[in-house]
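Since the structure comes first, as structure tokens, the remarks are kept for the end.
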Amino acid sequence: MEEGIPRKPVEVSEEYKASRMHIYDYTVGTFGEVQAMRYWQRIDYAIDTLPDRYTYYTPCRHIPTKSLKYRNIILDAHLIIYRITAARIEVLDIVHGAMSVSRIRSVRGIRLD
């Protein structure tokens with residue numbers, strides 16, 4: 001954990017869960033199950049380590065804010081976009097890096113209950 005940075009719980013959105021499953025299905029069909037499982041594990045590792053490393057990743061350049069609360073994890077061709085709040089880290093979605101900027105910006109509207 002980074003010094004002086006409080007550990008925060010992580011919550012994931014339904015959109016993130018659906019996108020993750022879509023990526024898995026696509027990867028199985030394109031590269032096979034072994035490769036899909038490897039990528040799935042890499043995604044899981046990034047999320048599992050987020051409570052201690054959420055400030056390590058860069059602010060999301062597609063969603064600029066003064067507070068830098070939107071950040072992304074670059075994982076091969078994908079961006080895992082999350083929002084830092086006072087109480088938690090909200091994983092909003094995982095999107096392909098080649099998606100339009102407007103599509104990437106649309107994740108701002110994702111709300112977690």
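Every number here is computed from the coordinates shown, using simple stated rules; none is lab data. Everything numeric in this text was worked out from a predicted model, so none of it was measured. Cβ sites come from the backbone with ideal geometry, for glycine too, and all protein chains shown count toward neighbours.
Placing +1 on each Lys and Arg Cβ and -1 on each Asp and Glu Cβ, with no other charges, gives the range 21-113 a dipole about its Cα centre of roughly 620 debye.
Given R₀ = 30 Å, what would the calculated FRET efficiency be for Val34 paired with Val10, taking r from the Cβ atoms and rounding to 0.05? Write out the running numbers ahead of the final one.
Values: r = 27 Å, r/R0 = 0.91.
E(calc), rounded to 0.05, equals 0.65.
Each of Tyr56, Tyr82, Tyr70 was scored by other Cβ atoms within 10 Å of its Cβ. Arranged with the fewest first, they read Tyr56, Tyr70, Tyr82. With the helix formula -39500 (n - 2.57) applied to DSSP H stretches of n ≥ 4, the chain reaches a computed 222 nm mean residue ellipticity of -11500 deg cm²/dmol. Note on the range 10-109: the alpha carbon radius of gyration divided by the globular reference 2.2 N^0.38 Å gives 1.05.
Exposure proxy ranking for His22, His62, based on other Cβ atoms within 10 angstrom of each Cβ and starting from the fewest, stands as His22, His62.
For the residues Asp44, Asp93, what sequence is obtained by ranking on other C-beta atoms within 10 Å, fewest first? Don't skip to the end; give the middle numbers.
On the way: Asp44 11, Asp93 24.
In increasing order of surrounding Cβ atoms, one gets Asp44, Asp93.
Candidates Ile47, Val28, Ala87 compared by Cα position along the dipole of the range 10-109: farthest toward the positive end lies Ala87, with charges placed on Cβ.
Taking GluC sites (Glu not before Pro) as exposed when their DSSP state is a loop state and no more than 13 other Cβ atoms lie within 10 Å, the longest site-free interval of the chain runs over 4-113. Among residues other than Ile73 whose Cβ falls under 11 Å from its Cβ, what is the net charge (Lys/Arg +1, Asp/Glu -1)? Taking every other residue near Ile73 into account, the sum is +2. Normalised by the number of residues in the range 10-109, the average gap of Cα pairs under 8 Å and 6 or more apart makes the relative contact order 29 percent.
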